[in-house]
1. Read phi for every residue in the stretch 239-247 and hand back ³J(HN,Hα) as whole Hz from Karplus 6.51 cos²θ - 1.76 cosθ + 1.60, θ = phi - 60°, with x for Gly and Pro.
2. Counting only heavy atoms of protein chains, what accessible area per residue, in Å², does the stretch 238-389 have with a probe of 1.4 Å?
3. Could you tell me which of rounded, prolate or oblate describes the stretch 288-445, using a ≥ b ≥ c as the square roots of the eigenvalues of the alpha-carbon gyration tensor, with rounded for a/c under 1.5 and, failing that, prolate when a/b is larger than b/c and oblate otherwise?
4. Could you tell me which of rounded, prolate or oblate describes the stretch 222-263, using a ≥ b ≥ c as the square roots of the eigenvalues of the alpha-carbon gyration tensor, with rounded for a/c under 1.5 and, failing that, prolate when a/b is larger than b/c and oblate otherwise?
5. In straight Cα distance, which lysines are under 16 Å from residue 128, not counting same-chain residues fewer than 8 positions off?
6. In straight Cα distance, which aspartates and glutamates are under 18 Å from residue 130, not counting same-chain residues fewer than 8 positions off?
7. Whole-Hz ³J(HN,Hα) for each residue in the stretch 405-419, computed from phi via Karplus 6.51 cos²θ - 1.76 cosθ + 1.60 with θ = phi - 60°, x for glycine and proline: what do you get?
8. Taking the dipole about the Cα centre of the chain, with the C-beta of Lys and Arg at +1 and of Asp and Glu at -1, give me whichever of 340, 318, 99 is farthest to the positive side.
Amino acid sequence: MALCKWVSLIFIVLVIMPLLISSDHSLSPEEVAQIPVKFLDHAKRQELFDFMVGVRRKIHENPELGFEEFETSKLIRAELDQMGIPYKYPLAETGIVGFSGTGGPPFVAIRADMDALAMQEGVEWEHKSKVPGKMHACGHDAHVAMLLGAAKILQEHHHELQGTVVLVFQPAEEGGGGAKKMLDEGALEHVGAIFGLHVAADYPIGSVVTRSGPFFAASGFFEAVISGKGGHAAIPQHTIDPILAASNVIVSLQHLVSREADPLESQVVTVGKFQGGGAFNVIPDSVTIGGTFRAFSKESFIQLKQRIEEVITRQASVQRCNATVLFNERDKPFYPVAVNDKNLHEHFRNVAGDLLGPQNILERQPMMGAEDFSFYQEAIPGYFFFVGMKNESQGKFESGHSPFFRVNEDVLPYGAALHASLATRYLLENQPKSTLPKGSFHDEL
């Protein structure tokens, strides 16, 4: 009997009391609406702003490609250690998952990608890339700085968090499908929702851009080797010309969208690679072509993949050539459609409206670009949005993947505050309901 009393007492202390305490800390609607404002003020403090700028510039100077972000990951882990934030490492080679809050449910994740691009930086400034042929030309350095800034805000308020915020630092967004590997290795275990962002050069500072439903297309890549019989260009009758066959293939591939796809459904098939021959007067033995295909539904995407292979092999056969088609999903995994959850869309509009004002929440049409955040959205409810950074007084900001891409560092506080606010408010609005039966504890204690 005494043992039962002790077990009951421990249960109340460890389970019931935290629930009672959390209910005592319930906030009024006015206090909830002030959370994003408070967090943005915090993010704009000189100390935190300088911290984010410093992190971003260090990463920018030392860009690393997908699954090679070892120094970037080391820097992040050092900062998390300084903040006292526990984390798991490694996931997906260089990925990190940190935890701020109670360590218990509910769980919500916020994500930043870490990888750079294989291109030479064309911007001349003090913190230009020190690595030849590599550059942060898509803002992932800023994304990491924002998430670390959000981590600082959350950690300063971690006693107020009513759940756990999972900080996802992900490798290899640029074609490597790092999100899928993070997911496969348990990065989102117990997580109920995830938020991600991207800087946008074509929208004004202080605005956000998003939409509910499909946002980015499903995406895949293909490569085909079309083989014939080479020979002298002056006697084509003794050859089997793979260049002619490849040319017919490319024209026929365009008919997949113009004649087989629903005109009201967006699809793309683009051949961006054509390699064959090295002399004006020689017909080569083979030609290699490659490209990408996009669609906004899983069914259309699968159909495109099937038809691409059929068109290439059969058109090559018409020209007496053989063709081998590779989709290379291992190195370049197919990205699913990125779909913003409709319930999280309302949550986002409420939080961003309190932070920026409803007039600064802009809507954007779906894009044929791809984003591996979609792997998370396939597994759990997810939400992705853009943070504007255009400021006419600072000159033109080039779009991503340009060697002249720049980041307006004034955007960093907005990204950090949005991350922290979306997560904190999500936890408040998704508290686990007590399932204790009536009379589960009584006077006998």
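1. Values per residue, Gly and Pro as x: 10, 10, 7, x, 5, 4, 4, 5, 5 Hz.
2. Value for the stretch 238-389: 51 Å² per residue.
3. Cα axes put the stretch 288-445 in the oblate bin.
4. Taking the square roots of the gyration eigenvalues as a ≥ b ≥ c, the stretch 222-263 is prolate.
5. The qualifying lysines are 58.
6. 61, 64, 68, 69, 71, 115, 121, 141
7. With the stated coefficients, the stretch 405-419 comes to 4, 10, 10, 7, 5, 5, 6, 4, x, 5, x, 4, 5, 5, 3 Hz.
8. Going by the charge dipole, the pick is 318.
The values are calculated or read from the model by the stated rules, or taken from the named source; none is laboratory data. Here the structure is a predicted model, which is why all the values come from computation and not from measurement. FYI the Cβ positions are ideal-geometry reconstructions off the backbone, even for glycines, and counts take in every protein chain you see. These area figures cover heavy atoms from the full protein model, side chains too; ligands, DNA and RNA do not enter into them. Shrake-Rupley method; radii C 1.70, N 1.55, O 1.52, S 1.80 Å.
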